[in-house]
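Participant: I'd like to ask you about the structure that follows.
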Amino acid sequence: MLPFYQSFYKVCILNGRLFCDSLLEIRLVNRLLTLYCLFVAASHGLKIDKSYAAVVDQTPAQSDESLNDLASLASNTELSISSPPSFRSAVIPYASTADYALPIRENLAWDLENLEELITNSAKQGAQLAVLSETATWGWAVSPGDQWGAWSRTTLLELAEEWPAKGWQATEEDCNAWQARSVIKASIAYSCVAQAGKINLVVNTARKINCSDSLECPADGFYIFNTNVAFAKDGSILAFYHKRHLYGEATVIDQPPVAFQNDGRFTINILDNNGLSHDIPIAMVICYDLYFSEPIMASVQEEGIRHIAFSAAWTPSPPMYNVPMLLQGLSRELEVAVIGANSFDNGSGIFVNGIAIDYGFEASNDRPLLADIPISLVDKEPIDTNAVPKLLTTATSTVDQKCTTWYEASGYTDTFSGLCAIKNIDDLGIGSVSLNLIIPDRCAVKVSLGLEAGENEELSLALIAFQNTWQPPFTTPSWSARGCGLIFCRKKTLADGSIDCLPDWSGISRNSTIHSLQMSFKGDPADVYPTIPMVSTSRGLLLKANEYEFFYRKETGHYEIYGGKENQFSQLHSLVIYQRF
């Protein structure tokens, strides 16, 4: 295929019928390109309408003849049709199965054997990249049973490895030793399985580095870093990434000094679905790093990387969000593909430009997530904000009510608190009703509902304007965010007059519906980190990227989420717009 037609083809097929419509409307292409675009759309199941004839500037007879000749156009060797280039990736959300009664190396061998099988099965199903979850082989060794103290550090020192340098790969002798279990090392096991399956890997490990000659070195003589390692399909080490932002692990895992900080970028070679070779740059991110602008923003904005490998051991964070909501929102706003593996039951998934390709909410030690990911990602079309009705964001009275919503996990309570506007659902009546909640100059929401009688007893809808700083134990650094969150909850008024808003996971009753919803947040468009929209229905299900709009309305200075399609927000779980500060 000629280079020009190849690039034109990508635009046609990735945008489909809508792109063809726009070509016809603005009359910017010649008839050959228009017919070619129409054929590409038709060859992928999109209906061709003879009304397109007017655009190619032909008489009706000529148009009919041209449409009938589209098949012969495709047979032209210069315009041969192939599928959009993509490669298959696997997410392996594995949680360690270690037994505290067993020796440390025996536990490592057991986990590595399980992961070897999952990676091999992924490769057999066509995966050319597998991303593993954080702490897959070592999380058990930092159990909070001793308050993350001396036992954990000592155990982790024995479990952690001094890894070979970038470029190293296991030899045949190494692999034979691993198969015989005469040598039990994660570096060798991963290198060997990558070679055997011809699959690229992103794995997580506890890496120790001797630092006894440094004044900053820990007393035991080693740095231990929470580390992602990238392997090429020939088993060679491509890159290391040391987690920069530690969450709940700072007493046993070391914060990497500047000399040990790295960008986590690497390039893999793959064969796409058409058999063509591509080099794909990828950036690694580990768990809590996702809340901070570095290193992810430098990788995306400065280096132009569009594929992110994300490893996490993320405990549940309702009521405002879960991991798939966060990954989907980040993927949408950065216009990237995120391949995210999580070892806890707060969700893993594969997201492309905000589209949830595959995701789940359980750490699974027997079923990877698999999806085909496009090599070239198409930028989002700008939204016509004039087509979306403006939302009332001012109120005649001030709001001084304070609400707190919270969720406790792993001994830490994740709270969101701030000024709120809250309304009991039962007070709205029955039938078709409209609800406006406004926190002046901060947040606003308009909801259109269809309510059944007596089915939403004691249920409230709360809009919370939060601006919080979170400092979980054993975590460096803290993180801060502001935003707007809309959740269903059951309220309890406390002695100081504030409201404790206990999340209701089921949301509005199944016989009631949400017809449309619009929410706005007064944010700062100059913020370095992207402003993230997150939408989830009950049971954690995500809305599709095309089921709502998210945009910045310059004239009001508000970010807005808008969904105007019947029932798409029914069983809403939470709706959040947040911004780091």
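The values are calculated or read from the model by the stated rules, or taken from the named source; none is laboratory data. This one's a predicted model, so the numbers in the text were calculated from it and none came from an experiment. When we count neighbours, we look across all protein chains shown, and the Cβ atoms used for this are built from the backbone with ideal geometry, even at glycine. For the accessible areas, the whole protein counts, side chains as well, though only heavy atoms, and no ligand, DNA or RNA atoms are used. Shrake-Rupley method; radii C 1.70, N 1.55, O 1.52, S 1.80 Å.
Participant: Among the residues that make up the range 489-497, is at least one of them basic (Lys, Arg) and over 30 Å from the mean Cα position of the chain (by Cα)? Please lay out each step first, then the result.
Facilitator: Going through the range 489-497, the residues basic (Lys, Arg) turn out to be 490-492.
Subsequent filtering for residues that are over 30 Å from the mean Cα position of the chain (by Cα) retains 491-492.
Within the range 489-497, one or more residues are basic (Lys, Arg) and over 30 Å from the mean Cα position of the chain (by Cα).
Participant: Within the set of pairs 6 or more residues apart or between chains, which connect a residue that is closer than 17 Å to Ile373 by Cα inside the range 262-277 to a residue that is among the hydroxyl-bearing types (Ser, Thr, Tyr) with Cβ atoms less than 8 Å apart?
Facilitator: Asn269/Ser277; Ile270/Ser277; Leu271/Ser277; Asp272/Ser86; Asn273/Ser83; Asn273/Ser86; Asn274/Ser82; Asn274/Ser83
Participant: If the Cβ limit is 8 Å and pairs must be 6+ apart or interchain, which residue in the range 89-104 that is more than 30 Å from Ala371 (Cα to Cα) pairs with which residue that is assigned to a loop (DSSP other than H, G, I, E, B)?
Facilitator: What qualifies is Tyr100/Ser143.
Participant: Now for a separate question. May I ask you to list pairs of residues, at least six apart or on different chains, whose Cβ atoms are under 7 Å apart, with the first in the range 539-558 being in the same structural domain as Arg442 (by the TED database) and buried (at least 17 other Cβ atoms within 10 Å of the Cβ) and the second being among the small types (Gly, Ala, Ser) and modelled with pLDDT under 85?
Facilitator: Leu542/Ser536; Tyr548/Gly563
Participant: Continuing with the same structure: Anything in the range 419-435 that is touching a residue at least 24 places away in the same chain (Cβ under 8 Å), surrounded by 15 or more Cβ atoms within 10 Å (Cβ to Cβ) and under 16 Å from Thr513 (Cα atoms)? List them, or say none.
Facilitator: Residues of the range 419-435 touching a residue at least 24 places away in the same chain (Cβ under 8 Å): 419-426, 432, 435.
Remaining after also requiring surrounded by 15 or more Cβ atoms within 10 Å (Cβ to Cβ): 419-423, 425-426, 435.
Answer for the range 419-435, where residues must be touching a residue at least 24 places away in the same chain (Cβ under 8 Å), surrounded by 15 or more Cβ atoms within 10 Å (Cβ to Cβ) and under 16 Å from Thr513 (Cα atoms): Ile425, Asp426, Leu435.
Participant: Shifting gears a bit: Here are some conditions: (1) assigned to a helix (DSSP H, G or I); (2) surrounded by fewer than 23 Cβ atoms within 10 Å (Cβ to Cβ); (3) modelled with pLDDT of 95 or more. Arg88 meets all but one. Which one does it not meet?
Facilitator: (1)
Participant: So which of Ser397, Ser331 ends up being of a type in the set (Ser, Thr, Tyr) and either at pLDDT below 90 or open to solvent by 10 Å² or more (accessible area, probe 1.4 Å) (or both)?
Facilitator: On inspection, the qualifying residue turns out to be Ser397.
Results for (1) aromatic (Phe, Trp, Tyr); (2) in the same structural domain as His573 (by the TED database); (3) outside any strand (DSSP E or B); (4) without any contact (Cβ under 8 Å) to a residue 40 or more places away in the chain, shown as yes or no for each residue.
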{"position": "Gly450", "(1), (2), (3), (4)": "no, yes, no, no"}
{"position": "Glu455", "(1), (2), (3), (4)": "no, yes, yes, no"}
{"position": "Glu458", "(1), (2), (3), (4)": "no, yes, yes, yes"}
{"position": "Leu463", "(1), (2), (3), (4)": "no, yes, no, no"}
{"position": "Gln467", "(1), (2), (3), (4)": "no, yes, no, no"}
{"position": "Pro472", "(1), (2), (3), (4)": "no, yes, yes, no"}
{"position": "Cys484", "(1), (2), (3), (4)": "no, yes, no, no"}
{"position": "Phe488", "(1), (2), (3), (4)": "yes, yes, no, no"}
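Participant: Quick one: which residue in Ser498, Ser520 is over 17 Å from Thr404 (Cβ atoms), of a type in the set (S, T, N, Q), open to solvent by less than 40 Å² (accessible area, probe 1.4 Å) and assigned by the TED database to the domain that holds Leu461? Can you show your working first?
Facilitator: Details: Ser498 fails: over 17 Å from Thr404 (Cβ atoms).
Matching residue, one of Ser498, Ser520: Ser520.
Participant: Within the range 506-548, count every residue that is part of a strand (DSSP E or B) and at pLDDT 85 or above.
Facilitator: Within the range 506-548, the subset part of a strand (DSSP E or B) is 513-522, 532-537, 542.
Checking which are at pLDDT 85 or above leaves us with 517-522, 532-534.
Number satisfying all stated conditions: 9.
Participant: Also: Can you list the helices (runs of 4 or more DSSP H) found entirely within the range 150-205 that contain at least 1 residues being in contact (Cβ under 8 Å) with a residue 24 or more places away in the chain, in contact with a Gly (Cβ under 9 Å, 6 or more places away or on another chain) and in the same structural domain as Phe225 (by the TED database)? Before the answer, list the steps.
Facilitator: Details: elements: 150-159, 172-179, 186-197.
Answer list for the range 150-205: 150-159, 186-197.
Participant: Further question: Considering only the range 352-365, I want to know if a residue exists there that is buried (at least 23 other Cβ atoms within 10 Å of the Cβ) and over 12 Å from the mean Cα position of the chain (by Cα).
Facilitator: No, that holds for no residue.
Participant: Can I ask one more? Glu303: touching a Ser or Thr at 6+ places or on another chain (Cβ under 8 Å) and surrounded by fewer than 22 Cβ atoms within 10 Å (Cβ to Cβ), yes or no? Don't jump to the end; show me each part of the working.
Facilitator: On the way: touching a Ser or Thr at 6+ places or on another chain (Cβ under 8 Å): no; surrounded by fewer than 22 Cβ atoms within 10 Å (Cβ to Cβ): yes.
For Glu303, the condition - touching a Ser or Thr at 6+ places or on another chain (Cβ under 8 Å) and surrounded by fewer than 22 Cβ atoms within 10 Å (Cβ to Cβ) - is not met.
Participant: Continuing with the same structure: Within the range 234-274, take every residue that is part of a loop (DSSP other than H, G, I, E, B) and under 20 Å from the mean Cα position of the chain (by Cα) and give me the one that is surrounded by the fewest Cβ atoms within 10 Å (Cβ to Cβ). Quick ask: steps written out before the conclusion?
Facilitator: Of all residues in the range 234-274, those part of a loop (DSSP other than H, G, I, E, B) come to 234-236, 243-245, 247-257, 261-264, 272-274.
Narrowing further to those that are under 20 Å from the mean Cα position of the chain (by Cα): 243-245, 247, 263-264.
Values: Lys243: 25, Arg244: 22, His245: 20, Tyr247: 26, Asp263: 16, Gly264: 27.
So the residue we want is Asp263.
Participant: Within the bounds of the range 301-314, is there any residue that is farther than 22 Å from Pro84 by Cβ and polar (S, T, N, Q)?
Facilitator: Initial filter on the range 301-314 (farther than 22 Å from Pro84 by Cβ): 301-303, 310-314.
Now drop any that are not polar (S, T, N, Q), which leaves 301, 311.
Yes: one or more hits.
Participant: Further question: Does Trp168 satisfy being surrounded by 21 or more Cβ atoms within 10 Å (Cβ to Cβ) and out of contact with any Lys or Arg (no Cβ under 6 Å at 6 or more places or on another chain)? Don't jump to the end; show me each part of the working.
Facilitator: On the way: surrounded by 21 or more Cβ atoms within 10 Å (Cβ to Cβ): no; out of contact with any Lys or Arg (no Cβ under 6 Å at 6 or more places or on another chain): yes.
No.
Participant: Given the conditions (1) in contact with a helix residue (DSSP H, G or I) (Cβ under 6 Å, 6 or more places away or on another chain); (2) in contact (Cβ under 8 Å) with a residue 60 or more places away in the chain; (3) outside any strand (DSSP E or B), report the number of the one that Phe344 does not fulfil.
Facilitator: Among (1) in contact with a helix residue (DSSP H, G or I) (Cβ under 6 Å, 6 or more places away or on another chain); (2) in contact (Cβ under 8 Å) with a residue 60 or more places away in the chain; (3) outside any strand (DSSP E or B), the lone unmet condition for Phe344 is (1).
Participant: Taking the condition at pLDDT 95 or above, open to solvent by less than 40 Å² (accessible area, probe 1.4 Å) and over 23 Å from the mean Cα position of the chain (by Cα), does Phe231 pass? Outline the logic, then answer.
Facilitator: Details: at pLDDT 95 or above: yes; open to solvent by less than 40 Å² (accessible area, probe 1.4 Å): yes; over 23 Å from the mean Cα position of the chain (by Cα): no.
So Phe231 fails the test.
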